[in-house]
Amino acid sequence: MFPLNSWYVAGWDHEIGRKLLAKMICGIKVVLYRKTDGSVAALEDACWHRQLPLSLGTLEGDTVTCGYHGLSFNGDGRCTHMPSQETINPSACVRSFPIVEQHRFVWIWMGEAHLADPSKIPDFHQNENPEWAGDGGTTHLECDYRLLVDNLMDLTHETFVHSSSIGNRAVAEAPFTVSRTEESVIVTRWMIGIDPPPFFKKQLGGECLVDRWQIITFRAPSAVTIDVGVARTGTGAPQGDRSKGVTGFVIHVSTPETERSCHYYWAFLRNYQLSSQKLTTEWRESARSILAEDKTILEAQQKAVDFYGDRDFNPLSIDSGVILARRRIEEMVATERQNVNGYAKPIIPIVAAPTQIGEMAK
Ligand code: FES
Ligand SMILES: [Fe+2]
């Protein structure tokens with residue numbers, strides 16, 4: 001369901017400090033902590049001796065000591081002390097994982113360490129760039145992370161799930177285009193001369209018709225950014241002049257916890273009124289309540305998927321971006337399996353798309 005040879009967010013930078021933090025990432029138990037030089041260490045959360053979670057032990061300096069019989073491990077996972085023993089068994093170590101901190105997130109690589117290339121980390125520079133302001137949070141979802149990707153690659157659900165904030169009829173009815181590059185799948189939707197939905201009406205401070213945009217960019221396996229905004233209609237936003245409007249940039253990235261749960265990290269940024277903490281708090285809390293509506297839907301959908309077993313999804317034309325994103329994930333997983341097992345097999349339970357979607361997706 002998820003590739004291991006990929007960077008995943010292990011947490012916000014502020015989450016990981018001088019306390020042992022246990023997390024399940026891609027079905028693997030990990031313990032995270034900050035070393036004395038400020039860098040982050042990530043070890044498998046199971047003692048070499050008898051598998052007690054190391055997160056139940058203690059941290060001194062850069063060393064974790066197991067809370068059962070006192071074996072100590074350094075930040076590379078190597079055992080540095082065994083009680084009542086002068087020589088240390090050379091095989092005594094726990095797995096350590098490559099870590100990179102970038103754009104306010106701590107990224108972890110769960111696969112083959114020699115393939116961990118930091119240049120492959122998605123570019124979320126808006127999350128700490130002085131030309132942007134905003135903040136984010138984390139939501140735990142009891143669902144397959146791919147259901148969240150599906151949700152974000154088709155925003156027509158805003159009309160029905162988020163009608164009190166960002167949804168209105170135009171989102172479900174407006175045409176859109178789907179394109180892809182080597183790295184990404186992009187869904188672009190422009191809504192011209194529409195009434196703004198409640199959230200954006202408040203941002204503009206008055207009644208007017210607007211041109212609204214949603215430009216969704218997916219990078220496999222789980223990063224989705226959305227360039228969103230509205231501008232007074234007829235002021236040139238579709239041609240590139242957004243000066244009579246407001247622009248937001250939304251980061252969504254999920255990390256599989258298990259096959260049926262994930263950690264969902266999100267941030268809501270803007271490029272105007274940069275010094276307004278009030279606006280930062282309002283945007284963040286608006287995002288939190290909007291995403292809580294998605295959580296309700298996604299967890300109910302996961303229960304239905306579990307209940308109906310191997311029943312397939314039926315694609316619509318609105319699913320064009322979803323299908324391409326799923327295909328990218330499927331390719332990553334298949335490539336990884338092929339490299340390990342010498343063969344590849346498809347794993348995504350989605351039926352063949354109608355002809356026009358299939359054509360679009362080629
Ligand atoms: S289980 Fe950790 S030292 Fe024995
Ligand atoms: Fe949503």
Near the amide H of Cys47, under 5 Å away, which other amide H atoms are found, from residues 5 or more places off or on another chain, if H is placed in the peptide plane? Leu52, Leu54
Please give the calculated 222 nm ellipticity per residue for the chain, where each DSSP H segment of at least 4 residues contributes -39500 (n - 2.57) and the sum is spread over every residue; nearest 500 deg cm²/dmol? -7500 deg cm²/dmol
Gyration tensor verdict on the range 130-319 (Cα atoms; rounded if a/c is under 1.5, prolate if a/b is larger than b/c, oblate otherwise): prolate
Nearest-20 debye value, the chain charge dipole, Cβ charges on Lys, Arg, Asp, Glu: 280 debye
Compute the angle between helix 320-341 and the longest alpha-carbon principal axis of the chain, please, reported from 0 to 90 degrees and rounded to the nearest 10. 20 degrees
Two-decimal Rg to Rh for the range 7-120 - Kirkwood Rh, Cα set: 0.97
Any idea what angle helix 277-308 forms with the longest principal axis of the chain, computed on alpha-carbon atoms, 0 to 90 degrees, nearest 10? 80 degrees
So how do 207-216, 273-282, 331-340 stack up, highest first, on mean other-Cβ count within 10 Å? 207-216, 331-340, 273-282
Work out the length of the dipole vector of the range 130-319 about its Cα centre, built from +1 on the beta-carbon of each Lys and Arg and -1 on the beta-carbon of each Asp and Glu, and round it to the nearest 20 debye. 680 debye
For the range 69-210, whose charge dipole is built from +1 on Lys and Arg Cβ atoms and -1 on Asp and Glu Cβ atoms, the candidate among Val161, Val185, Val100 with its Cα farthest towards the positive end is Val161
Roughly to the nearest percent, how much of the accessible area of the range 52-112 is carbon and sulfur, given a 1.4 Å probe? 48 percent
For Ile318 and Lys19 in the same chain, what is the full-extension length gain: residue separation times 0.36 nm, less their Cα-Cα distance, in nm? 103.1 nm
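The values are calculated or read from the model by the stated rules, or taken from the named source; none is laboratory data. None of these values were measured; they are calculated from a predicted model. Cβ: placed from backbone, ideal geometry, glycine included. Neighbour counts: every protein chain shown. Ligands, DNA and RNA are excluded from the accessible area calculation, which covers all protein heavy atoms including side chains. Shrake-Rupley method; radii C 1.70, N 1.55, O 1.52, S 1.80 Å.
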